[in-house]
Amino acid sequence: QAQLVESGGGLVQPGGSLRLSCAASGISFSMYDIGWYRQAPGKGREWVATITAGGSTNYADSVKGRFSISRDNGKKSVSLEMNSLKSEDTALYYCDARFLSLRYWGQGTQVTVSS
């Protein structure tokens with residue numbers, strides 16, 4: 001059974017950093033593209049970043065230069081390093097795994113940026 005579990009969220013001051021992790025099980029992890037999304041209160045889900053099975057990365061303009069996505073296929077995990085955090089980064093952060101028509105989501109981890 002496929003499962004994605006996010007961790008690493010929390011409360012951080014503006015300008016601070018957090019590192020989110022997405023741990024996968026039940027899938028051939030190395031074959032999947034992994035994405036991070038976020039949803040702020042009252043807003044739709046927003047794509048944040050993706051790392052492909054081949055290791056290519058893409059970022060939303062709103063986080064480019066501040067966030068960094070990486071993967072460890074041996075550990076079946078993806079990390080999202082978030083620096084220079086802003087209040088507008090406050091959201092529930094989700095990871096998803098995609099391979100052809102297969103797609104799985106985690107339950108999310110809350111990130112709150114506030115002084």
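Annotations
- Residue in segment 85-106 that is in contact with an Asp or Glu (Cβ under 8 Å, 6 or more places away or on another chain), modelled with pLDDT of 95 or more, in a loop (DSSP other than H, G, I, E, B) and open to solvent by less than 70 Å² (accessible area, probe 1.4 Å) present: yes
- Qualifying residue in segment 18-27 (condition: within 14 Å of the chain's Cα centre (by Cα) and of a type in the set (Lys, Arg)): yes
- Among the residues of segment 49-65, those identified as of a type in the set (Ser, Thr, Tyr), open to solvent by 40 Å² or more (accessible area, probe 1.4 Å) and in a strand (DSSP E or B) are Thr57, Tyr59.
- Test: residue in segment 40-48 that is in a strand (DSSP E or B), surrounded by 22 or more Cβ atoms within 10 Å (Cβ to Cβ) and within 11 Å of the chain's Cα centre (by Cα): yes
- Scope segment 71-115; condition small (Gly, Ala, Ser) and either in contact with a Pro (Cβ under 8 Å, 6 or more places away or on another chain) or closer than 21 Å to Val12 by Cα (or both); matching residues: Ser79, Ser84, Ser87, Ala91, Gly108, Ser114, Ser115
- Among the residues of segment 69-82, those that are of a type outside the set (D, E, K, R) and open to solvent by less than 60 Å² (accessible area, probe 1.4 Å) comprise Ile69, Ser70, Ser77, Val78, Ser79, Leu80, Met82.
- Candidates in segment 6-39 are the residues that are of a type in the set (Phe, Trp, Tyr) and over 28 Å from Ser114 (Cα atoms); of these, the one that is surrounded by the most Cβ atoms within 10 Å (Cβ to Cβ) is Tyr32.
The values are calculated or read from the model by the stated rules, or taken from the named source; none is laboratory data. This structure is a prediction, so every number in the text was calculated from the model and none was measured. Cβ atoms come from the backbone with ideal geometry, glycine included; neighbour counts cover every protein chain shown. Calculation scope for accessible area: heavy atoms of the full protein, side chains included, ligands and nucleic acids excluded. Shrake-Rupley method; radii C 1.70, N 1.55, O 1.52, S 1.80 Å.
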